[in-house]
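K.L.:
Got a structure for you, written out below as structure tokens; questions coming shortly.
The values are calculated or read from the model by the stated rules, or taken from the named source; none is laboratory data. These numbers were taken from a predicted model, which means no experiment stands behind them. Neighbour counts run over all protein chains shown; Cβ positions are idealised from the backbone, glycine included. For accessibility, only protein heavy atoms count, side chains too; no ligands or nucleic acids. Shrake-Rupley method; radii C 1.70, N 1.55, O 1.52, S 1.80 Å.
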Amino acid sequence: MKYAFYPGCVARGACPELFVATVEVCKLLGIDLDHDAMKGASCTGSGVLQEKNQRLGDTLNARNFALAERSNLPLMTICSTCQGVMSQARKRMLDDPKYLAEINSELAEEGLEYKGIAEPRHLLWIILEDYGVEKFKSKLVKSLNGLRLAPFYGCYLVRPSDALGFKENIEREDSLERIIEAVDAEVVDFSGKTLCCGFPILTINEKNSMKMVAKHTTDAKGLGADAMVTPCPLCHLNLDGFQSKAGKSIGSQINLPIIHLPQLLGLALGISPEKLRLNKHIVSTKVFLSELALQP
């Protein structure tokens, strides 16, 4: 299994532990990541650019898709935000051939063309749909039995569902829960798992952003979660990086570890916490790891 690997911006910047953990996990699973296929790829626009200039955002994503097509490899991302933005751009272009042709006229200057073949897919979906749950479980060496984990999808991996292919792939609706169960941990379900983490409004309305962080983390912890798992690095930035500040805003120390999806996979695969960079988080993972008799 080989993929054109598009990690996105945050995994190579503010959350480098996500990138490292992904590489370690894919190595053990035999998933070949082609890092050169997407060389020169741009940011997806993160939804922010699209609010101001949708055409420009879609052109950037079409260019990324064209790079993947040039490699003749399926396209993998590890960022929910990237997945959502790319999926929406792809749907707009495939639904309107004239619009796609106009965008391709811009790409022609670089000798690129998006033929509509490349389809971005998150590592979470690839594990379930390409690799297969049973094959994944056969690779596990560490049971996470006894751990109670709250899933946190955030916004972009769950809506709009038509752009994300939920009708054709119904297992995507509870994909994160399926993975938590596959590593023998217990799912702590809570109503905020598909809501916004607050990151998009952090710089314009910090007060409400902190309320959202506090709400999600305290709700999950109140239900007995040992940690929260997210497939989105932007959600991780807010829920982990600003959790202390959010706690102060409600007069409480929350201390709920926020774990990247590949870090969870890696623990079950027997990869050491050090290699997974679980000691690089803002909220300490020591108590969480002590449940597994591990130390970062």
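K.L.:
Once you charge only the Cβ atoms, +1 for Lys and Arg and -1 for Asp and Glu, what is the size of the charge dipole of the range 68-222 about its Cα centre, to the nearest 20 debye?
P.N.:
580 debye
K.L.:
Per DSSP helix of 4 or more residues, -39500 (n - 2.57); summed, then divided by the residues of the chain. What does that give at 222 nm, rounded to the nearest 500?
P.N.:
When only DSSP H runs of four or more count, the value is -12500 deg cm²/dmol.
K.L.:
I need to check one value: relative contact order of the range 1-63, counting alpha carbon pairs closer than 8 Å and at least 6 residues apart, in percent.
P.N.:
Numbers: 50 pairs, mean separation 21.8, N = 63.
Computed value for the range 1-63: 35 percent relative contact order.
K.L.:
Something else about it: Which net charge results when you count Lys and Arg as +1 and Asp and Glu as -1 among the other residues whose beta-carbon is under 11 Å from that of LEU144?
P.N.:
Local charge sum for LEU144: -3.
K.L.:
Within the range 190-247, how many lysine pairs that are 8 or more places apart, or on different chains, have C-alpha atoms less than 14 Å apart?
P.N.:
So the count works out to 6.
K.L.:
Let me know the shape class of the range 53-111, please: from the alpha-carbon gyration tensor, a ≥ b ≥ c as square roots of the eigenvalues, rounded when a/c is under 1.5, otherwise prolate if a/b is greater than b/c, or oblate.
P.N.:
Judged from the Cα gyration tensor, the range 53-111 comes out oblate (a/c at least 1.5, b/c at or above a/b).
K.L.:
What's the carbon and sulfur percent of the chain's accessible surface, probe 1.4 angstrom, rounded to a whole number?
P.N.:
Whole-percent figure for carbon plus sulfur exposure: 50.
K.L.:
Given the range 9-152, what count of lysine pairs have C-alpha atoms under 18 Å apart, with each pair 8 or more places apart or on different chains?
P.N.:
Close lysine pairs under the 18 Å cut-off: 6.
K.L.:
I would also like to ask the following. For the chain, which cysteines have no second Cys with its Cβ under 4.7 Å from theirs?
P.N.:
CYS9, CYS15, CYS26, CYS43, CYS155, CYS196
K.L.:
Continuing with the same structure: In percent, how large is the relative contact order of the chain, given Cα pairs closer than 8 Å and 6 or more residues apart?
P.N.:
In percent, rounded to a whole number, it is 20.
K.L.:
Enumerate by residue number the trypsin sites (Lys or Arg not before Pro) in the range 150-189 meeting two conditions: DSSP loop (anything except H, G, I, E, B), and at most 12 other Cβ atoms within 10 Å of the site's Cβ.
P.N.:
Within the range 150-189, the qualifying trypsin sites (Lys or Arg not before Pro) (loop, at most 12 other Cβ atoms within 10 Å) are LYS167.
K.L.:
Can you give the relative contact order of the range 71-160 as a percent, counting alpha carbon pairs under 8 Å and 6+ residues apart?
P.N.:
Value for the range 71-160: 49 percent.
K.L.:
Still on this structure: Report, in debye and to the nearest 20, how large the dipole of the chain comes out about its Cα centre when Lys and Arg carry +1 and Asp and Glu carry -1 on their Cβ.
P.N.:
Computed about the Cα centre, the dipole is about 740 debye.
K.L.:
Need the C-alpha centroid separation for the range 95-111 versus the range 54-75, integer Å.
P.N.:
The two parts, judged by their Cα centres, are 11 Å apart.
K.L.:
Next question, about the same structure. Does anyone have the angle between helix 206-222 and the longest principal axis of the chain? Alpha-carbon axes, 0 to 90°, nearest 10?
P.N.:
50 degrees
K.L.:
Shifting gears a bit: Would you mind working out the magnitude of the charge dipole of the range 15-55 relative to its Cα centre, with +1 at each Lys and Arg C-beta and -1 at each Asp and Glu C-beta, to the nearest 20 Debye?
P.N.:
That gives the range 15-55 a dipole magnitude of about 260 debye.
K.L.:
With unit charges on the beta carbon (Lys/Arg positive, Asp/Glu negative), name the residue among VAL213, ALA163, ALA182 whose Cα is farthest towards the positive pole of the charge dipole of the chain.
P.N.:
With unit charges placed on the Cβ atoms, the residue in question is VAL213.
K.L.:
Can you give the net charge of the other residues whose Cβ lies under 9 Å from the Cβ of LEU33, counting K and R as +1 and D and E as -1?
P.N.:
Combined, the nearby Lys, Arg, Asp and Glu give 0.
K.L.:
Another question about this same structure. Of GLY198, PRO7, VAL20, which is farthest on the positive side of the dipole of the chain, counting Cα position, with +1 on Lys and Arg Cβ, -1 on Asp and Glu Cβ, and the Cα centre as origin?
P.N.:
Going by the charge dipole, the pick is GLY198.
K.L.:
Mind telling me which of LYS91, LYS52, LYS215 comes out most flexible in a GNM of the chain, alpha-carbon contacts under 10 Å?
P.N.:
Among LYS91, LYS52, LYS215, the largest mean-square fluctuation in the Gaussian network model of the chain belongs to LYS52.
K.L.:
Looking only at THR230, THR203, THR22, which one moves most when the chain is put into a Gaussian network model with springs between Cα atoms under 10 Å?
P.N.:
Highest fluctuation among the options: THR203.
K.L.:
Provide the gained length on full extension for the span GLU206 to LYS135, in nm with one decimal, where the gain is 0.36 nm per separating residue minus the Cα-Cα distance.
P.N.:
Extending this stretch completely gives an extra 21.2 nm.
K.L.:
Is the range 62-172 rounded, prolate or oblate when judged by the Cα gyration tensor, a ≥ b ≥ c being the square roots of its eigenvalues, rounded requiring a/c under 1.5 and prolate requiring a/b larger than b/c?
P.N.:
Numbers: a/c = 2.86, a/b = 2.01, b/c = 1.42.
Judged from the Cα gyration tensor, the range 62-172 comes out prolate (a/c at least 1.5, a/b above b/c).
K.L.:
While we're here: If I model a spin label as a point 7 Å beyond the Cα along the Cα-Cβ vector, how far apart are those points for VAL287 and LYS98 in nm?
P.N.:
6.0 nm
K.L.:
Quick one: among GLN263, GLN54, GLN83, which has the greatest mean-square fluctuation in a GNM of the chain with alpha-carbon springs under 10 angstrom?
P.N.:
Of GLN263, GLN54, GLN83, the most mobile in the Gaussian network model is GLN54.
K.L.:
Let me ask something else. Only residues of the range 93-136 count here: report those whose backbone N is under 18 Å from the spot 7 Å along Cα→Cβ of LYS2, or say none.
P.N.:
118-119, 131
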